[in-house]
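Everything below concerns the one structure shown next.
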Amino acid sequence: MTSSILRIGKPAPLFEGDIVKYDSRKKQIVYDKISLVKIISNKQWTVLFFYPRDFSSLCPTEIHSFNRRFKDFEKANAVLIGCSTDSRNSHKAWMEKPRTKGGIDKLSYSLLADPSLKISSSYGVLENEAGLALRGTFIIDDEGNLRSLSINPPYIGRSIDEVVRTLQALQSGQVCPAGWRPGRKTL
């Protein structure tokens, strides 16, 4: 794990790297680049989530749950990015494989490759011995400040509904009680 401590309200660690995404215009899976600096320059929020490994059994449950809620992230002007320590070629192979055969199929968001382990390490989710990331979720505002973080062990899936709710609560700028949803009373 990293030695620097992440703090809510402070700048999130900058990252840049190779992504794999489905290009609906070209109707194919393509490679591209992404960086937090570019996302911030577009005045967008970022939801960066880490998962342990491509071609695993638990990870697709989260990958597809995030995909089902993609429009909620888009509506909130947030770029959704999944990240593991796998290579871009592994991400592409996983995305090209049908769900019925252990793949994840086409996603509405990008998968970030971190084979150097630098991004996972800078976000404090790297398990050095295994060379994989814990299930970390980081919400970064449009100025690059870390606004929320949560980390689960590799064997516990997270609630994507709670990630969406937390993003919406943060963007409301209000004090939001437990279970708050947009349109409900704040404190």
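Taking a 26 Å limit on the Cα-Cα distance, which of the listed pairs Lys26/Lys97; Lys75/Lys97; Lys71/Lys185; Lys10/Lys92; Lys27/Lys101; Lys71/Lys97 fall beyond it?
With Cα atoms farther than 26 Å apart: Lys75/Lys97; Lys10/Lys92.
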Checklist outcome for this item: Applied in sequence order to the range 147-156, the curve 6.51 cos²θ - 1.76 cosθ + 1.60 (Karplus, θ = phi - 60°) yields integer Hz couplings, x standing for Gly and Pro, of 10, 7, 8, 8, 9, 10, x, x, 9, 10
Checklist outcome for this item: Low-density loop trypsin sites (Lys or Arg not before Pro), the range 83-184, at most 12 other Cβ within 10 Å, DSSP non-H/G/I/E/B, are Arg184
Checklist entry - Using modelled backbone amide H atoms (1.01 Å from N, in-plane), which distant-in-sequence or interchain residues come within less than 5 Å of Ser110's amide H? => result Gly82
Checklist outcome for this item: Once the dipole of the chain is set up from charges on Cβ (+1 Lys and Arg, -1 Asp and Glu), the residue from the list Gly183, Pro154, Gly9 lying farthest towards its positive end is Gly183
Item to check | In order through the range 170-187: 3J(HN,Hα) via Karplus (6.51 cos²θ - 1.76 cosθ + 1.60), integer Hz, x for Gly, Pro | outcome: 4, 6, 5, x, 10, 8, 10, x, 3, x, 4, 9, x, x, 8, 5, 9, 9
Checklist entry - If you take every DSSP beta bridge whose two residues both sit in the chain, what share of them, in percent to the nearest 5, is antiparallel? => result 70
Checklist entry - For the range 118-130, what does the Karplus curve 6.51 cos²θ - 1.76 cosθ + 1.60, with θ = phi - 60°, yield as ³J(HN,Hα) per residue in whole Hz, taken in order and with x for Gly and Pro? => result 5, 5, 4, 5, 5, 9, x, 10, 7, 9, 3, 4, 8
Checklist outcome for this item: Options (1) 15.9, 48; (2) 16.6, 56; (3) 17.5, 54 for Rg and Dmax of the Cα atoms in Å; the value derived from the coordinates is listed as (1)
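For the range 93-187, which GluC sites (Glu not before Pro) are both in a DSSP coil and crowded by at most 16 other Cβ atoms within 10 Å? Don't jump to the answer; show the numbers that get you there.
On the way: sites: Glu96, Glu127, Glu129, Glu143, Glu162; in loops: Glu129, Glu143.
For GluC sites (Glu not before Pro) across the range 93-187 that sit outside H, G, I, E and B with at most 16 neighbouring Cβ atoms in 10 Å, the list reads Glu129, Glu143.
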Item to check | Candidates Phe49, Phe66, Phe15, ranked by Gaussian network fluctuation over the chain, Cα under 10 Å, top entry | outcome: Phe15
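We did not get these values from a lab; they are worked out from the coordinates using the rules stated. Source: prediction; values computed, not measured. Cβ coordinates were reconstructed from backbone atoms using ideal geometry, including for glycine residues, and neighbour counts include every protein chain displayed.
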